[in-house]
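Peer 1: Starting off with a structure, shown below.
Only the coordinates and a few stated rules stand behind these numbers; no lab work does. Nothing here was measured: the structure is a model prediction, and the numbers come from that model. Here Cβ is always computed from backbone atoms with ideal geometry, including for glycine, and neighbour counts include all displayed protein chains.
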Amino acid sequence: MVLIKLEISESNLLKLKDKTKSLGFDKIQDYLNYVIEQSISEDEEQEPSEEDEEAVKRRLKELGYL
Amino acid sequence: MLFEIMTPEQTKPNIIFIVMDALRAKNLGCYGYSRKTSPNIDFLSKNGTMFTNAFTSNNATYKAYLSILAGRHVLLENSKELFFTKQEINSFFSSGGTFLQEILKKQDYKTYCLKYLNGWQKQGFDFYYKEASQKTSNNFINKLKQNSIARIMKLLIHLGPKSIADYLRARYGRNSDEKVTKDAIEIIEKSKPDEKFFLWVDFDYTHIPYNPRKFTNKFTGKGDEEFFKKIKGKPYNTLMKSFWKNAFNNNETIEDIIARYDSAIAFDDSLIGDILQTLKKKKLLDNTLIFFFSDHGESLDEHGIYFSHHGLYDVATQVPLIMYGKSIPKDKKITSLVQHEDLVPTILDLLGIKYSPLEFDGKSLIQLIKNKSTSTRELIFMEEGDYLKKQGIRTKNLKYLESSSIKDATCKICNNTHGGLIELYDLKKDPKEEQNLAKSDKQTLIKMKLKLESAVRDLKLTNEKRRIRHLISKKAKYL
């Protein structure tokens, strides 16, 4: 974990506190990490792994397409 | 789920969904059709924004409706059903699924659905049409009698000889599109200036038997091969044959029936004209957002699939989508891939209602509408699970479809596999999806199957994230 300083408005801080509480997170930091992870994982396009590719080829072969 | 309004003081527009059942985009004037089927829909398109590559992710009506109203795609499990199974619908609710009408209700909208609704479909609507069986008394014997009569009537309407079925449809059938229009007009006329409404107007003359009560012969066919002669001796399902006999005359050609389908579009389009006139008269046209679309398309004679919407070919999965309203650009065409699930987040953005993107599989189209982006998605995921069990993906230029076994790939209506177990089409060279490249273009085949698997994995993962979040939020409420 890296420590960073973040400036946000008071109104947003209040909202963050509310959300943290209502969603059952212990700390604002936990909630923020969760939101960031969600947002970044949505944007990332994952390349298929070699294992995935091998499994797909095997299946297509079984079905008579390769 | 947490939804907050961004600007509560701002006047919210009314919202109208105009939905035509089984309407394929390509049979509308604004989508380039040669027959003048749709002057009023063309008006909406000319004065609004039209999406030329809009798709459903499921070609069965009530499954498409969930995607439209929930902004999510519920993955099908192992059964072949026209409706969601208990397991499937549970996966939606257990992950905090909410419908557009419920969100709008919390924003003080009155919610109307001019369609027959059952079970989960009713959730959040103040008004909807009820089946006769929903209106009966609590008396068990009376209920049994009424249900039995209703069932016999339904059987005759759908499978009886055409002459009897036409009579019963006219006299005892479900509400006509004229009645839907009359009710829509009444709701608009009675609306008060300080009240907002969300109104779903549902037309179904464009669904088989394509039997508009007027305009039946607005267009005429030119073919000479009679439909029943064409399918004679072919292994179509007996039930489907009865269904066709119930819907079409013995001597009708395929072109005659297509002309009837087009006449049904033209008639429903004239009813849309009546609704637009009422909005204009009531001075509500400027403060109403109109969304015109269909639940799925229709195969008329393509791929040997006659007058049905099974098969995940573009004729059955491509839908028209037009948005009209003050905040929507006029005479604009958007070619990016979009799907039903995108409607809810788009509407929430247009209304300034905040939401977490995790709530929806759909993506807001607001950036496309405002010219700030050229694409929201690389592909459309689609599946079907009634007459066939198939999954597939469609990019701008390619289509990949697969079933996991020959049994799943065998169509219950047509008794054949249409394109086989696995299908791959180059849509640029072969827009009619007739040349299956699955055995000849191996590189693309592998690439597309990997993309399909990744799309399914993403849908499952997103739903699991929602389920966990929903559990945490439920737990927090009880602490």
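Peer 1: Taking 0.36 nm per intervening residue step and subtracting the Cα-Cα distance, what contour gain separates B:Ser356 from B:Asn250 on full extension? Kindly include the intermediate steps, with their values, before the conclusion.
Peer 2: Details: separation 106, 0.36 × 106 = 38.16 nm, distance 5.47 nm.
Length gained, B:Ser356 through B:Asn250: 32.7 nm.
Peer 1: Return the FRET efficiency for the residue pair B:Lys428, B:Lys229: r is the Cβ-Cβ distance, R0 is 25 Å, and the value is rounded to the nearest 0.05.
Peer 2: Values: r = 36 Å, r/R0 = 1.44.
E between B:Lys428 and B:Lys229, to the nearest 0.05, is 0.10.
Peer 1: Please compute the modelled spin-label separation between B:Asn118 and B:Asn416, points set 7 Å along Cα→Cβ, answer in nm with one decimal.
Peer 2: Using points 7 Å along Cα→Cβ, the separation is 3.3 nm.
Peer 1: Which value, to two decimals, describes the C-alpha radius of gyration of segment B:285-359 once divided by 2.2 N^0.38 Å?
Peer 2: Rounded to two decimals, the normalised Rg is 1.38.
Peer 1: With each pseudo-label sitting 7 Å past Cα toward Cβ, what's the B:Glu77-B:Asp301 distance in nm, one decimal?
Peer 2: 4.2 nm
Peer 1: What is the gain in length, in nm to one decimal, between B:Gln435 and B:Ser242 on full extension, counting 0.36 nm per residue of separation less the C-alpha to C-alpha distance?
Peer 2: Extending this stretch completely gives an extra 66.3 nm.
Peer 1: Something else now. With r defined as the distance between the Cβ atoms of B:Glu186 and B:Lys442 and R0 fixed at 41 Å, what FRET efficiency is calculated, to the nearest 0.05?
Peer 2: Result of the calculation: an efficiency of 0.10.
Peer 1: While we're looking at this one, here's another question. For B:Ser94 and B:Ile468 in the same chain, what is the full-extension length gain: residue separation times 0.36 nm, less their Cα-Cα distance, in nm?
Peer 2: Numbers: separation 374, 0.36 × 374 = 134.64 nm, distance 0.93 nm.
Contour length minus Cα-Cα distance gives 133.7 nm.
Peer 1: Over all Cα pairs of chain B, how is the pair count split among 20 Å bins, expressed in % and running from 0 up to the last occupied bin?
Peer 2: 23, 58, 19, 0
Peer 1: Another question, then. For the pairs B:Lys330/B:Lys370; B:Lys399/B:Lys429; B:Lys86/B:Lys465; B:Lys110/B:Lys283; B:Lys245/B:Lys389; B:Lys234/B:Lys407, note any where the Cα-Cα span goes beyond 23 Å. Write down the numbers at each step before the final one.
Peer 2: Details: B:Lys330/B:Lys370 11 Å; B:Lys399/B:Lys429 12 Å; B:Lys86/B:Lys465 21 Å; B:Lys110/B:Lys283 19 Å; B:Lys245/B:Lys389 26 Å; B:Lys234/B:Lys407 19 Å.
Exceeds cut-off: B:Lys245/B:Lys389.
Peer 1: Still on this structure, please answer the following. Would you mind giving the mean number of other chain beta-carbons within 10 Å of the Cβ of each residue in A:56-65, as a whole number?
Peer 2: That average works out to 5.
Peer 1: May I pose another question? Give me the net charge for the shell around B:Pro193: Cβ to Cβ below 11 angstrom, other residues only, Lys and Arg +1, Asp and Glu -1.
Peer 2: Here the charged neighbours net out to +2.
Peer 1: Just to confirm my numbers, what's the Cα centroid distance between segment B:415-432 and segment B:49-64 in Å?
Peer 2: Comparing the Cα centres of segment B:415-432 and segment B:49-64, I get a distance of 19 Å.
Peer 1: Name the residues whose placed amide hydrogens come within less than 5 Å of the amide hydrogen of B:Leu398, ignoring near sequence neighbours (fewer than 5 apart) on the same chain.
Peer 2: Those lying under 5 Å, H to H, from B:Leu398 are B:Leu427.
Peer 1: Let me ask another. For segment B:328-363, state which trypsin sites (Lys or Arg not before Pro) are in a DSSP loop and have at most 16 other beta carbons lying within 10 Å of their beta carbon.
Peer 2: Qualifying residues, ordered by number: B:Lys330.
Peer 1: So what's the net charge close to B:Leu300: Lys and Arg +1, Asp and Glu -1, counting the other residues with Cβ under 11 Å from its Cβ? Please list the in-between numbers first.
Peer 2: Numbers: positive: B:Arg24, B:Lys26, B:Arg260; negative: B:Glu255, B:Asp262, B:Glu298, B:Asp301, B:Glu302.
After counting each charged neighbour, the total is -2.
Peer 1: Percentage of Cα-Cα pair distances in the protein assembly as shown greater than 30 Å, rounded to whole percent?
Peer 2: 54 percent
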